[in-house]
Structure formats: structure tokens, C-alpha cells
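S.K.: Quick one: structure below, then a few questions.
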Amino acid sequence: MWRSRICQHIGRRRHFTTIDASEVKKFSAKSAEWWDPDGEFGMLQLMNPARVRYVRDQLADQSTSIGITSNKPFENLKMLDIGCGGGLLSESLTRLGGRVLGADASADNIKMAQFHKRQDPQLWRGPGQLEYKHTTAEDLLDAKESFDVVLAMEIIEHVNNPLQFLRTCGDLVRPGGTLFLSTMSRTFVSYFLTVALAEDMLRLVHQGTHDWTKYITSKELMHAIESMGQDWTVQDVRGIFWDPVCRQWRVAQEKGLVSPGGLESLEVNYFLTAKKNDNKLEGDDAI
């Protein structure tokens, strides 16, 4: 009897998913626009250089241990871009030497990513390696995959159970590895900019693209990282701001500065870096 109950419990866990089917359907319908500079993802394309610089700078502190070089900063790193969409970030990571797996729950997104990959011979020849897979974080964990770097950028606000998704992403990180997150804070300012302005007034994106109730404040996300246990440390958190004059995204220069003046009520977009402790290395140092 007890063995049967344990097997049933394991089976339920194995098939548990944080995927929001309505979100997958929504983004699948827009898959053709991923690389269109005038399409729904135009602002995300403009954010991509800032995302890559942030990841590079955060990993630079580990350059001695993982062999980062200036022209190939992600060389030798096995990287997961979960919720990769059309491959905007995956391609950039690969060009800088990463061994990248771009994963997405939308088959249409993966088809678009694969199509775009075929247009650039550099993505075939290296220095990095790029693979796309129609899969989920939970399925990758069940397959016992692990990565030096896991990037969950602009995705946690689109899943059903953000805390469980966060823990799944954390479990995919190898000891000593790094987890990167990017999302939007649940403030009245973010509602005005991303919903009222971008969706309802300017129609930059379709109405319903964002669900403001799913946004997560930086404090909430840091607390969620802390709830994952002593193996995890928040290494950095800082805001990213749109400069309408120069038409580019700028990352806050000061660590911990998520909003103008540091006011939580003014938070909108932000990046967070969390480090998974390498217990083996700590044990060796103790000896």
C-alpha cells in the first residue's frame, strides 16, 4: 500500500508543470514576430545588448575559475536559456562562446529560433554551440540535465507557479553555477508603462500581453531566492531603464539600485543574479 502511494506521489511530481497553457498559446501566435524590429518584440530586441552585458559583467568575477576571455567570455560554459522564444538571447550567448541550450514550451517559438539560426553560419561553426529544444524546465530536470548558467529572462511572470518554477531553475544549476533572472516589478508605475501605455494607448504590443498581477517585486524575488536554502546567495540586483532619447536600455550602475532614488514604488524592470554555492570547494577550503 505505502509503495503504491509513494509511486503515485512521484508520478504526480514528475508530470507537474508550471507552464501556463494560455501564455504558450499567446506567444505561439506571435512567433513570426520575434526577429521583426517593428513587431511585438522590438523593445526586447533593444534590451538584448543590455542583457548580454549584464550577464558578462556578473560572470567576469569568476573569470579565473572558469576561463573567461575578453572575446569569448562564455567559453566552456554550459548555458540554459529557458523560455528562449525566438532565440534573441541564445544566439548572442553562443556568439560569445557559450554552449547554449535554448528551451521553450512553444513549438512555434522553437521553429522560428531554428529557422533564424540557419541564417547565420557563425552559429554553426562556433566558437559556441547552439541547440534548441521544445521542452520545459521540469522535463529537463527529470532528464537530470544541469548547467553552469541558467537564464530565466522575462519568463517568470508568465508561469503558473513562479516559486516552483524558480526552484526548478535553481535545481538545474550546478554547484558553483549562476542563475540569472529578469522580470518586472508589481508597482503602479509598471502598470502604467507596460499595460496602460504600451498596450492600451500606444498599442506597441497586443492587449493582454502582460498580466500585471503576475509581476514580482525585487524584494519578493530576493526572498524567494533566500527560501531556496543556504546554498543560494543573491549576488546582485539592479534596475534596467529605458532611455527614450537614445532609444536604448541602460542598466543601473549601482548594485542594489532597482529604481530611481531606490524607491520600491518606482520599480519597473530589473535584473537579478543568484549564485549557487559550491559545497565541495568550501569543504576543500575548510580542510
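The values are calculated or read from the model by the stated rules, or taken from the named source; none is laboratory data. Keep in mind that this is a model prediction, so the values were computed, not measured. Note that each Cβ is placed from the backbone with ideal geometry, even for glycine, and that neighbours are counted across all protein chains shown. For the accessible areas, the whole protein counts, side chains as well, though only heavy atoms, and no ligand, DNA or RNA atoms are used. Shrake-Rupley method; radii C 1.70, N 1.55, O 1.52, S 1.80 Å.
S.K.: Could you tell me whether any residue of the range 223-241 is in a helix (DSSP H, G or I) and closer than 22 Å to Ser31 by Cα?
M.R.: At the first step, the residues of the range 223-241 found to be in a helix (DSSP H, G or I) are 223-226.
Remaining after also requiring closer than 22 Å to Ser31 by Cα: none.
No, the range 223-241 has no match at all.
S.K.: Kindly list, by first and then second residue, each pair from a residue in the range 137-159 that is at pLDDT 95 or above to a residue that is of a type in the set (Ser, Thr, Tyr) and outside any loop (DSSP other than H, G, I, E, B), limited to pairs with Cβ atoms under 6 Å and residues at least 6 apart or on different chains.
M.R.: Ala137/Thr168; Glu138/Thr168; Leu141/Thr168; Val149/Thr178; Met153/Ser182; Glu154/Ser182; Ile156/Thr183; Glu157/Thr183
S.K.: For residues in the range 119-136 being modelled with pLDDT of 95 or more and among the charged types (D, E, K, R), which is surrounded by the fewest Cβ atoms within 10 Å (Cβ to Cβ)?
M.R.: Out of the qualifying residues, it is Glu131.
S.K.: So which residues in the range 22-41 are free of Cβ contacts under 8 Å to residues at least 60 places away in the same chain and either outside any loop (DSSP other than H, G, I, E, B) or in contact with a strand residue (DSSP E or B) (Cβ under 9 Å, 6 or more places away or on another chain) (or both), if there are any at all?
M.R.: Ser22, Lys25, Glu33
S.K.: For the range 242-258, what are the residues that are assigned to a loop (DSSP other than H, G, I, E, B) and touching a residue at least 24 places away in the same chain (Cβ under 8 Å)? Outline the logic, then answer.
M.R.: The initial filter retains those residues of the range 242-258 that are assigned to a loop (DSSP other than H, G, I, E, B), namely 244-247, 252-258.
Passing the criteria: Arg247, Val258.
S.K.: Based on this model, can you work out whether Phe188 counts as among the hydrophobic types (A, V, I, L, M, F, W, C) and either touching a His at 6+ places or on another chain (Cβ under 6 Å) or surrounded by 20 or more Cβ atoms within 10 Å (Cβ to Cβ) (or both)? Walk me through how you get there before you give the answer.
M.R.: Values: among the hydrophobic types (A, V, I, L, M, F, W, C): yes; either touching a His at 6+ places or on another chain (Cβ under 6 Å) or surrounded by 20 or more Cβ atoms within 10 Å (Cβ to Cβ) (or both): no.
Taking the combined requirement at face value, the residue does not satisfy it.
S.K.: Going by the conditions given, is Arg13 modelled with pLDDT of 95 or more and out of contact with any helix residue (DSSP H, G or I) (no Cβ under 7 Å at 6 or more places or on another chain)? Can you show your working first?
M.R.: On the way: modelled with pLDDT of 95 or more: no; out of contact with any helix residue (DSSP H, G or I) (no Cβ under 7 Å at 6 or more places or on another chain): yes.
Answer is no for this residue.
S.K.: Suppose the filter is crowded, with 16+ Cβ neighbours inside 10 Å, under 18 Å from the mean Cα position of the chain (by Cα), part of a helix (DSSP H, G or I) and not small (Gly, Ala, Ser); does Glu199 pass it?
M.R.: Numbers: crowded, with 16+ Cβ neighbours inside 10 Å: yes; under 18 Å from the mean Cα position of the chain (by Cα): no; part of a helix (DSSP H, G or I): yes; not small (Gly, Ala, Ser): yes.
For Glu199, the condition - crowded, with 16+ Cβ neighbours inside 10 Å, under 18 Å from the mean Cα position of the chain (by Cα), part of a helix (DSSP H, G or I) and not small (Gly, Ala, Ser) - is not met.
S.K.: Out of curiosity, is Ser190 part of a helix (DSSP H, G or I) and more than 26 Å from Asp20 (Cβ to Cβ)?
M.R.: No: the conditions fail for Ser190.
S.K.: Moving on to the next point. Has the range 254-265 got any residue that is more than 30 Å from Ser146 (Cβ to Cβ) and crowded, with 19+ Cβ neighbours inside 10 Å?
M.R.: Pass one, the range 254-265, residues more than 30 Å from Ser146 (Cβ to Cβ): 254, 257, 259-265.
Within this subset, residues satisfying the condition of being crowded, with 19+ Cβ neighbours inside 10 Å are 259.
So far as the range 254-265 goes, yes, one or more of its residues are more than 30 Å from Ser146 (Cβ to Cβ) and crowded, with 19+ Cβ neighbours inside 10 Å.
S.K.: Could you give me the residue pairs with C-beta distances under 6 Å whose first residue belongs to the range 96-112 and is open to solvent by 10 Å² or more (accessible area, probe 1.4 Å), whose second residue is assigned to a helix (DSSP H, G or I) wherever it lies, and which are 6+ apart or on separate chains?
M.R.: Asp104/Ile110; Ala105/Val24; Asp108/Ser28; Asp108/Ser31; Met112/Ser31
S.K.: Go through the range 202-229 and count every residue that is open to solvent by 70 Å² or more (accessible area, probe 1.4 Å) and either touching a Phe, Trp or Tyr at 6+ places or on another chain (Cβ under 9 Å) or at pLDDT 95 or above (or both). Steps first, please.
M.R.: Within the range 202-229, the subset open to solvent by 70 Å² or more (accessible area, probe 1.4 Å) is 202-204, 206-207, 213, 219-220, 223, 226.
Filter once more, keeping what is either touching a Phe, Trp or Tyr at 6+ places or on another chain (Cβ under 9 Å) or at pLDDT 95 or above (or both): 213, 219-220, 223, 226.
Residues meeting the conditions: 5.
S.K.: Only helices (runs of 4 or more DSSP H) wholly contained in the range 96-164 count here; list those with 2 or more residues that are in contact with a Phe, Trp or Tyr (Cβ under 9 Å, 6 or more places away or on another chain). Let's see the steps before the verdict.
M.R.: Details: elements: 107-117, 122-125, 137-142.
So the answer is 107-117, 137-142.
S.K.: Any idea which of (1) outside any strand (DSSP E or B); (2) at pLDDT 95 or above; (3) closer than 21 Å to Leu272 by Cα is the one Asp81 doesn't satisfy?
M.R.: If we test Asp81 against (1) outside any strand (DSSP E or B); (2) at pLDDT 95 or above; (3) closer than 21 Å to Leu272 by Cα, just (1) comes out false.
S.K.: Would you confirm whether any residue within the range 165-185 is surrounded by fewer than 17 Cβ atoms within 10 Å (Cβ to Cβ), under 27 Å from Gln235 (Cα atoms) and not acidic (Asp, Glu)? Break it down stepwise before answering.
M.R.: So the first thing to find is which residues in the range 165-185 are surrounded by fewer than 17 Cβ atoms within 10 Å (Cβ to Cβ), and the list is 171, 174-175.
Okay, now just the ones that are also under 27 Å from Gln235 (Cα atoms), so 171, 174-175.
Filter once more, keeping what is not acidic (Asp, Glu): 174-175.
Yes: one or more hits.
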